[in-house]
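Working notes for the structure below.
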Amino acid sequence: MQDDTLIGAGFSDPVFQSQAAFRALLAALSEPGLVQDVATGFAAPAGLEPATAIALLTLADYETPIWLPADLRAGPAGAWLRFHCGATLVEGPAEAAFAVLNGTSTAPALSAFSPGTDQFPDRSTSVLVQCASLAGGEAVTLTGPGIAGRREIAPKGLRPGFWTEVAANAARYPLGIDLILSHGQAIIGLPRSTQILEAR
Amino acid sequence: MTLHQIIPGEDTKPAYNYAYLDEQTKRMIRRALLKAVAVPGYQVPFGSREMPLARGWGTGGIQITAAIIGPDDVLKVIDQGADDTTNAVSIRRFFERTADAKTSEATDEATIIQTRHRIPEAPLKAGQIMVYQVPQPEPLRKLEPRETETRKMHAWAEYGLMQVKLYENIARFGEVTTTYDYPVDVNGRYVMAPSPIPKFDNPKMHMSPSLQLFGAGREKRIYAVPPYTSVRSLDFEDHPFRIQSWNEPCGLCGATDSYLDEVITDDRGGRMFVCSDSHHCETRRADGHRGAMLADASALHLVDDKQAKDKVSKS
């Protein structure tokens, strides 16, 4: 029972750990498809990949509502984010600035998150998608800003039809959500500007 | 408490946070940067802070640099291409003091290059980050003063007004007379102000391997161009975009392919053209390139001419 109530540690050195993690996030979103290491040796709460936890600790605070799947929200992950980030955990996906989605879960649809408005496309949700692995899955070819030519990625553990949803998201550009695929200590950025060429 | 929060020689009270800004402000700027990168060319509003420098002196660029810089970074700061002008020196010193930053004047050593009004002549590399100081982030502002209207124009990609302005330029003067802050189309969607760089530098932004971040402190906007992103200078099929060219090479290093500043040398009409990128010019001179006026400038102790000195010491 104690495990549920005990909140784990956050950053031991907030200034430099968050700086290093941010640079990995910036590199991930500016060069979509490249795997970036966020950090090593970080104990995340149950249900969150270490990279997901670090990304939220780096970016989220009382200004950014977070959406979590119901089981995570009720568990230690929710308590951990409330305590360390001071963030509100919201029930509606469209209200969130950040969201965590397990790759295999069938709901909510990516279109349920906020795509921003035409005058303020920056007011959209950034969704962290937790995968089983960032390699070894279905191969997908990407193109767009940040990619010289084409780039192939093959993350594993994503729900069927996921890439169709990502392609539909990219088609709404400049509106749309920004995705960060995470597993272990590593992330892959998939901003809305990235086009999905083919999924096979 | 960590060591970086203590100024040596002071008592143990923390003076200010690493890189001056508090962590809450850095998070806000970092979130804006990630959205800016995801929508290239779109201006993200951000809560610009008071800095220990007047607005208009590069506070937007400073806040971006403060939000991204870390202990592994090497910072280069240029103002009009030069590393040794007031703005560049004081910003470099600001980060040496607040972030204990490693600084360099060499373009290829730097990981972060903060710039006012130039892009270095040496080609940029993957992994480098350009940080531009921007006075006016809105390319349409001179055509439409209301922010509520320009925001709609960007939202609906209504850029006809900008084309009309360029057309009227051509109709009246025979060419587009804009020579700096020349508007560009980013990723085929947003029209963006490239900051007051000469149009000579516009082609360097297209498909650049480096990440380009733009900060406007007074106007409270951040925008970005990721690496390998299309940046097209606006033009017409029958009036294609052209960059500046000069009739003579750099007076100091003889370069014919760099952006030149005209320098008045006396009150009898004497003048010379020199590279605006001081590090590029120095590197070329060190490699043995000599311009027509290098000997004269060296005699007046305006520049260091190593070859001339070597000759003197030998004789």
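All of the numbers you see were taken from the coordinates with simple rules; none came from a lab. These numbers were taken from a predicted model, which means no experiment stands behind them. Counting neighbours? That spans all protein chains shown, and the Cβs are built from the backbone with ideal geometry, glycine included.
Computed values, structure above
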item: Helices (runs of 4 or more DSSP H) within region A:4-106 that include 1 or more residues over 27 Å from A:Glu138 (Cα atoms) and acidic (Asp, Glu); result: A:70-74
item: Filter result (in contact with a Phe, Trp or Tyr (Cβ under 7 Å, 6 or more places away or on another chain) and part of a loop (DSSP other than H, G, I, E, B)) within region A:123-144; result: A:Thr125
item: Region B:283-295 - residue that is in a helix (DSSP H, G or I) and surrounded by fewer than 16 Cβ atoms within 10 Å (Cβ to Cβ) and, of those, nearest to the chain's Cα centre (by Cα); result: B:Ala286
item: Failed condition for B:Thr98, given (1) over 21 Å from the mean Cα position of the chain (by Cα); (2) part of a helix (DSSP H, G or I); (3) farther than 22 Å from A:Phe22 by Cα; result: (3)
item: In region A:19-35, the residues that are facing another protein chain (nearest Cβ under 7 Å) and buried (at least 20 other Cβ atoms within 10 Å of the Cβ); result: A:Gln19, A:Phe22, A:Arg23, A:Leu25, A:Leu26, A:Leu29, A:Ser30, A:Glu31
item: Some residue of region B:189-202 being under 19 Å from B:Leu302 (Cα atoms), charged (D, E, K, R) and in contact (Cβ under 8 Å) with a residue 12 or more places away in the chain; result: no
item: Residue in region B:83-97 that is more than 28 Å from B:Glu50 (Cβ to Cβ) and either buried (at least 17 other Cβ atoms within 10 Å of the Cβ) or without any contact (Cβ under 8 Å) to a residue 40 or more places away in the chain (or both) present; result: no
item: Filter result for B:Lys220 (touching a residue at least 60 places away in the same chain (Cβ under 8 Å) and either hydrophobic (A, V, I, L, M, F, W, C) or under 29 Å from B:Gly160 (Cβ atoms) (or both)); result: yes
item: Pair list, Cβ < 9 Å and 6+ apart or interchain, from region B:31-47 residues that are more than 8 Å from chain A (Cβ to nearest Cβ) and surrounded by 24 or more Cβ atoms within 10 Å (Cβ to Cβ) to residues that are of a type in the set (Val, Ile, Thr) and in a helix (DSSP H, G or I); result: B:Phe46/B:Ile29
item: Pairs where the first residue, in region A:21-48, is over 13 Å from A:Gly184 (Cα atoms) and the second is of a type in the set (Lys, Arg), C-beta under 6 Å, 6+ apart; result: A:Phe22/B:Arg30; A:Gly33/A:Arg151
